[in-house]
Structures are given as C-alpha cells and as structure tokens.
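The values are calculated or read from the model by the stated rules, or taken from the named source; none is laboratory data. Note that the structure is predicted; figures quoted are calculated from it, not measured. Cβ placement follows ideal geometry from the backbone for every residue including glycine, while neighbour counts extend to all protein chains displayed. SASA here: full protein model, heavy atoms, side chains in, ligands and nucleic acids out. Shrake-Rupley method; radii C 1.70, N 1.55, O 1.52, S 1.80 Å.
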Amino acid sequence: MTRLVFPTPDPVTVPLHGEDAAFPVTRIFCVGRNYADHAKEMGAEVDREAPFYFTKAPAHLTLSGATIPYPPGTADFHHEMEFVVALGASAFRIPKGKALDAVFGYAAGLDMTRRDLQAAAKDKRRPWDTSKDFENAAVIGPITRAGDFGQPGPQSLSLLLNGKLVQRARLADMVWSVAGIIAHLSTLYHLGPGDIIFTGTPAGVGPVRPGDVLHGEIEGLAPVDLTIAPRRA
C-alpha cells in the first residue's frame, strides 16, 4: 500500500434527527433559480425547460449551530434558506414517478453566497465557483428520514435574521419538484447514497454581517441555525 504523505480528513457527516447515527456526505448539488419570485428579485427568468445546477465541496459543509467567520474576498455575504434532499440509494436515469424512492431524508439548509463575486462572474459570463463554493458555504441541520417527513409540498419554509422574518415560502412553490430534480439530475450523473441536493431558495435573500444570527425552519424538520462571528476589536 502506498504511504500517504499527510493524514486524510475525517468523513463529512450530518447527524440524523433523534438518532445516534450520521449520514455520510459524498457530493453536494445545488439547484439555481427554483423559485420564480427569487429569480425575479435577481433580475433573471426561470428556465422551465430544465433545472440548472452548481456544486459545493463536502469539505465546505457546516453543521447547524456553528459560528463562522465572515468569509474573505467579499463585502456582500448573503443568506439563502433551502430545503435539502439526502439520497440513500442509487439513481441513474430514474423515472420521475420512482425518484422519491431514492430519498433517504430531508433537512433544512443555508446556501451561503458571496453575492458580489457572483455578480462579477455573471457580468463576465464566468463560472460561479468562487461565489458559491468556499469554506462554510453550505450549512445543514439534522436529517429527518423521509418516512417521518412525508411528501414534500405543503410544508412551510422560513428564515429569521436577528429575529426578523426575511424569507417565507412553501415547498410547493418550487418550480421543479424534488422528484423532478432527482429525475433530471440522474440523467447527468450516477447519483448514489451520500449525495445531497440543495433545492433552491425563495425571495428575500439578503446580506448578513458580523454578529448576525440566522434561524431557519421547515415544517416537520429540525431547524438550521448559524451565527456570523463578530469582528474582533
């Protein structure tokens, strides 16, 4: 066996709600512009022909309850509250009608974004990587098993910033349903256990500053909480 030149990091895992167990994360997919009102506030149109995606590294995943530093390279750090899908089975070219069979569970999450870097990338028609995929950019609460949550749709989603409501929607407001997302994404990748999907954010995204506290809720799931560390004196 070849000797490793430095220790490998521990597996990235997410706790299961109410259980002494954890879900190992292999990949993170994110859906863009999956709420019409959010697309409108960003000056964009929803592509109703097919969803589009970007990715985040599992190493950039942070668990609910964390306090994170304000990230480098930005002066416009934004919150995006999202419904997260965790897969527990393989899915390749899976029909929409069977797509939910691949779901292990669901969680509340935050897709954190360096908005100024994203805007600059859009202006130059460059990839969004530096605006979306960076340390602590994906925040997730404990995962609830699919059978304990039920069918996604009527559940409410909300986000409080320092106690003030800033985002609210229902999962039924998504342009692309969970089943539709999985079915389409499975035509592009061999999906499998450990893959998680952030399904997009509704309107109301906005900046966070040092010292801010975020509290996100999705009906039927454990909440997601995040604190932005105050600046040092």
When region 151-171 is examined, which residues are found to be farther than 14 Å from Val84 by Cα and not in a strand (DSSP E or B)? Pro154, Asn162, Gly163
The residue from Ala107, Ala102 that alone is over 15 Å from Phe198 (Cα atoms), in contact (Cβ under 8 Å) with a residue 24 or more places away in the chain and open to solvent by less than 20 Å² (accessible area, probe 1.4 Å) is Ala102
Regarding Gly200, is this residue open to solvent by 10 Å² or more (accessible area, probe 1.4 Å), in a loop (DSSP other than H, G, I, E, B) and on the phi > 0 side of the Ramachandran plot? no
Cross-chain or 6+ apart pairs with Cβ under 7 Å, region 162-182 first and of a type in the set (Gly, Ala, Ser), then open to solvent by less than 50 Å² (accessible area, probe 1.4 Å) and in a loop (DSSP other than H, G, I, E, B): Ala169/Pro202; Ala172/Gly153
How many residues does region 223-233 contain that are in contact (Cβ under 8 Å) with a residue 40 or more places away in the chain, open to solvent by 10 Å² or more (accessible area, probe 1.4 Å) and either more than 29 Å from Ala172 (Cβ to Cβ) or hydrophobic (A, V, I, L, M, F, W, C) (or both)? 3
Taking into account only those residues within region 138-148 that are among the aliphatic types (A, V, I, L, M) and either open to solvent by less than 10 Å² (accessible area, probe 1.4 Å) or within 19 Å of Tyr35 (Cα to Cα) (or both), which is farthest from the chain's Cα centre (by Cα)? Ile143
Considering region 110-137, residues that are in a strand (DSSP E or B) and in contact with a Gly (Cβ under 7 Å, 6 or more places away or on another chain), and then whichever is least open to solvent (accessible area, probe 1.4 Å), we arrive at Leu110
Of (1) surrounded by fewer than 18 Cβ atoms within 10 Å (Cβ to Cβ); (2) in contact with a Gly (Cβ under 7 Å, 6 or more places away or on another chain); (3) aromatic (Phe, Trp, Tyr), Tyr189 satisfies every one except (2)
Take the residues in region 149-161 that are farther than 18 Å from Ala36 by Cα and free of Cβ contacts under 8 Å to residues at least 60 places away in the same chain, then tell me which one is least open to solvent (accessible area, probe 1.4 Å). Leu160
Take the residues in region 205-217 that are in a loop (DSSP other than H, G, I, E, B) and touching a residue at least 60 places away in the same chain (Cβ under 8 Å); name whichever of them is most open to solvent (accessible area, probe 1.4 Å). Arg209
Search region 27-53 for residues that are on the phi < 0 side of the Ramachandran plot and pair each with any residue that is outside any loop (DSSP other than H, G, I, E, B) and at pLDDT below 85 when their beta-carbon atoms are under 7 Å apart and the residues are at least 6 apart or on different chains. Glu45/Ala39; Val46/Ala36; Val46/Ala39
Within region 88-106, is there a residue that is in a loop (DSSP other than H, G, I, E, B) and within 19 Å of the chain's Cα centre (by Cα)? yes
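One line per residue, one yes/no per condition, for (1) aromatic (Phe, Trp, Tyr); (2) surrounded by fewer than 16 Cβ atoms within 10 Å (Cβ to Cβ); (3) modelled with pLDDT of 95 or more; (4) farther than 20 Å from Trp128 by Cβ:
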position: Leu16; (1), (2), (3), (4): no, no, yes, yes
position: Glu19; (1), (2), (3), (4): no, yes, yes, yes
position: Pro24; (1), (2), (3), (4): no, yes, yes, yes
position: Arg33; (1), (2), (3), (4): no, no, no, no
position: Lys40; (1), (2), (3), (4): no, yes, no, no
position: Pro58; (1), (2), (3), (4): no, no, yes, no
position: Thr67; (1), (2), (3), (4): no, yes, yes, yes
position: Phe77; (1), (2), (3), (4): yes, no, yes, no
position: Glu82; (1), (2), (3), (4): no, no, yes, no
